[in-house]
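To start, the structure itself, in structure tokens.
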Amino acid sequence: MALTVPRVFWRWGLLAVLVCCFTIVVHVLPLGASSTDDRPAPEPQIHPLPVSLAAWEDPAQQGDYFDQIKPNGVGYLVWSEFPIKVFVGPAAASVPGSTGFQQTTEAAIAAWEPYLPLAFTQEQSTADIIIQNQKPESRSGERVRAAETRCFNLYVNERNQLDQRCTINISPHQPGTQEHKMASVRHELGHALGIWGHSPSETDALYFAQVRTPAGISARDINTLKRIYQQPTRLGWPLPSVTE
Ligand SMILES: [Zn+2]
């Protein structure tokens with residue numbers, strides 16, 4: 001059956017791109033408006049917490065950086081169908097810097113897995129998150145990026161829910177050790193999982209800059225992630241039916 005996609009979603013998908021690293025661009029979108037051939041967006045609601053995040057506790061109460069996370073036109077970019085399907089593309093051919101791409105990527109995915117269920121898929125076309133070993137797109141006036149995440153590619157899924165796809169591009173020419181490359185994928189994956197903001201603390205995986213000794217996923221990262229997943233979103237909710 002052909003998928004009916006309101007034209008306005010395509011427009012958002014093309015216009016609204018969240019980009020890292022290390023600049024976050026959040027477009028505030030004029031949601032709610034509808035025309036004769038566009039269905040209105042679902043109302044923002046809160047999804048039940050994923051079991052793994054519901055079980056998360058931080059007895060030391062190390063805090064979070066939730067105040068750095070800004071919602072956009074659909075609310076917070078959280079996933080509500082688990083496991084989140086991740087497709088990992090092949091390592092760039094004949095590029096010395098891409099050695100170990102598969103390994104570092106799998107290690108980064110494994111680092112987030114205890115907090116949100118992730119699963120590898122071989123089907124790129126139906127993946128939620130695509131990780132590619134290719135140079136991020138260059139945009140005029142910006143410095144060259146070693147890695148970036150683009151989300152907010154909106155569509156209506158087969159359950160009639162507003163859904164998104166993310167693409168992470170990791171440059172084969174990224175400098176640094178394997179540890180730095182793994183930290184880079186881990187950081188970008190944090191964005192793709194919903195952390196659309198940066199931490200001001202270099203002891204967090206989502207710190208805004210690269211450092212000599214990259215931090216692993218911290219309690220503050222997960223405290224932030226948990227708060228994000230307790231916020232309302234239009235993603236994952238069905239589009240209201242249109243009354244003729
Ligand atoms: Zn970032």
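The values are calculated or read from the model by the stated rules, or taken from the named source; none is laboratory data. Note that the coordinates shown come from a computational prediction; the quantities given were computed from them, not determined experimentally. Cβ placement follows ideal geometry from the backbone for every residue including glycine, while neighbour counts extend to all protein chains displayed. For accessibility, only protein heavy atoms count, side chains too; no ligands or nucleic acids. Shrake-Rupley method; radii C 1.70, N 1.55, O 1.52, S 1.80 Å.
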Next on the checklist: I'd like to check one number: the per residue accessible area of the range 81-228, probe 1.4 Å, reported in Å² as a whole number.
Outcome noted: 43 Å²
Checklist entry - Going 7 Å from the Cα of E113 in the Cα-to-Cβ direction, what parts of the range 55-83 have a backbone nitrogen less than 18 Å from that spot? => result 82-83
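At a 1.4 Å probe radius, carbon and sulfur cover how many percent of the accessible area of the range 112-202? Walk me through the intermediate numbers first.
On the way: 1840 of 3800 Å².
Of the solvent-accessible surface of the range 112-202, carbon and sulfur hold 48 percent.
If you place +1 on the Cβ of every Lys and Arg, -1 on the Cβ of every Asp and Glu, and leave all else neutral, what size is the dipole of the range 104-244 about its Cα centre, to the nearest 20 Debye? Before the final figure, lay out the partial values.
Numbers: 14 positive and 15 negative charges, 75 e Å.
In debye, rounded to 20, the range 104-244 gives about 360.
Please list the equivalent ellipsoid semi-axes of the range 142-244, computed as the square roots of five times the alpha-carbon gyration tensor eigenvalues, in descending order and whole angstrom.
Numbers: eigenvalues 200, 59, 18 Å².
Semi-axes from the Cα gyration tensor: 32, 17, 10 Å.
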Checklist outcome for this item: For the range 84-204, averaging the sequence separation of alpha carbon pairs under 8 Å that lie six or more residues apart and dividing by its residue count, the contact order in percent is 30 percent
Checklist entry - With r defined as the distance between the Cβ atoms of Q62 and S241 and R0 fixed at 35 Å, what FRET efficiency is calculated, to the nearest 0.05? => result 0.20
